[in-house]
1. Note the full-extension length gain between S291 and T170 as 0.36 nm times their separation in residues minus their Cα-Cα distance, in nm to one decimal.
2. Starting from the stretch 259-334, pick out the GluC sites (Glu not before Pro) whose DSSP state is loop and whose Cβ has at most 14 other Cβ atoms within 10 Å.
3. Amide H of L327 versus every other amide H placed in the peptide plane: which residues, excluding those fewer than 5 positions away on the same chain, fall under 5 Å?
4. Where does the longest stretch of the chain lie that holds no trypsin sites (Lys or Arg not before Pro) found in a DSSP loop with 12 or fewer other Cβ atoms within 10 Å?
5. Mind running the shape call on the chain? Use the C-alpha gyration tensor, a ≥ b ≥ c as the square roots of the eigenvalues: rounded below 1.5 for a/c, prolate if a/b tops b/c, oblate otherwise.
6. Roughly speaking, what is the stretch gain from A270 to H23, that is 0.36 nm per residue apart minus the C-alpha to C-alpha distance, in nm to one decimal?
7. Please work out the FRET efficiency for the pair N36 and A347, using the Cβ-Cβ distance as r and a Förster radius of 51 Å; give the result to the nearest 0.05.
8. Near the amide H of A95, under 5 Å away, which other amide H atoms are found, from residues 5 or more places off or on another chain, if H is placed in the peptide plane?
Amino acid sequence: MTQPSNKALVPFVSVDNMMRLIHHVGIEQMLIDLANYVEDDFKRWEKFDKTPRVASHSEVGVIELMPTSDGEAYGFKYVNGHPKNTSEGLQTVTAFGLMADVYTGYPVLLTEMTILTALRTAATSAMVAKYLAPKGADTMAMIGNGAQSEFQSLAMKAICGITSVRLYDTDPAATAKCAANLASTGLDVVICKTPEQAIEGAQILTTCTADKQCATILTDNMVGAGVHINAIGGDCPGKTELAAGILTRSDVFVEFPPQTRIEGEIQQMAEDFPVTELWQVINGTKTGRTSDRQITLFDSVGFAIEDFSALRYIRDRIKDSDFFFELDMLADPDDPRDLFGMVQRAAQ
């Protein structure tokens, strides 16, 4: 039986190799690197195909595909969101992604993206906060201490200079887990018993809860002037975290309005509710934070271009490394018109 040609082999980054890569690079450096890749792609936003993700909803969760292309490379991510999974000992979110060459259509990378999504989400949050958070912000409230919380905290430390994080979760075990994981990172970690206590003295308020419902994690009277809200838990229809009154007092920044109006906090608002697209702030064509007392809100739902950036980073980073192995994924007959003959000869 003949061996597959190089054209048939696709680099695959497994969970094990992703973890090896993180330890090799260093998690904070990897968050910084990913943020730079995301920022660079936001600067060339207009080159990308843009469409709301393709979602299949059920009573227990959602399964989504998130595709985009810059004309030279094509990428997509498969991702699910099943809040009930935690109670069954499973991850709420799992993902994998693929990048392909537009010219040939051949895949050039397949990778796990459960860990990578956590990294890119945190990196994007901190990249945005760099533009929108109050100057000199040093304290973050982390409300919701599940799988994302440590990544979010470390990204804000590495990219925005946060020195203290105040933790709250309805499940004290989740907070204890997060506090233990962050204990040796150099952050001052404060365990809080209420969300009100968590936001005391915090300039960045991050909400990351998983319940698939219209929840009110932050009420209107909890949010004062001069803060940046990083709302990342609301990411599908019928799932929100903020009281509508907060939105009316905030300047709201979004990734892709057609998707955010369906999935984000602004699904609570009228279709003409004003928002600013982040890529315009990063390009300098729109303003971000304009005053110390302004409330800025990143209504984050996650967009395919951020996953493309993460795929692009992994593709570049694994070159000439041993952080992947090759999968025999693509049929590559000697004569491209003779696929049947290749199958027949395999038995010989």
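Throughout, read-outs are computed from the coordinates displayed, never taken from laboratory work. All figures in this text were calculated on a predicted structure; none of them were measured in a lab. So basically every Cβ, Gly included, is an ideal-geometry build from the backbone, and we count neighbours across all protein chains shown.
1. Numbers: separation 121, 0.36 × 121 = 43.56 nm, distance 3.33 nm.
Additional length available on full extension: 40.2 nm.
2. Working: sites: E263, E265, E271, E277, E306, E326; in loops: E271.
Sparse-neighbourhood loop GluC sites (Glu not before Pro): E271.
3. Amide H to amide H, under 5 Å and 5 or more residues apart or across chains, L327 pairs with V10, F12.
4. On the way: sites that count: R44, K135, K193, R293, K319, R337.
Free of exposed loop sites, the longest segment is 194-292.
5. Numbers: a/c = 1.96, a/b = 1.75, b/c = 1.12.
Because a/c hits 1.5 or more and a/b exceeds b/c, the chain counts as prolate.
6. Numbers: separation 247, 0.36 × 247 = 88.92 nm, distance 4.54 nm.
The A270-H23 span can extend by a further 84.4 nm.
7. Numbers: r = 50 Å, r/R0 = 0.99.
Computed FRET efficiency for N36 and A347 comes out at 0.50.
8. M113, T114
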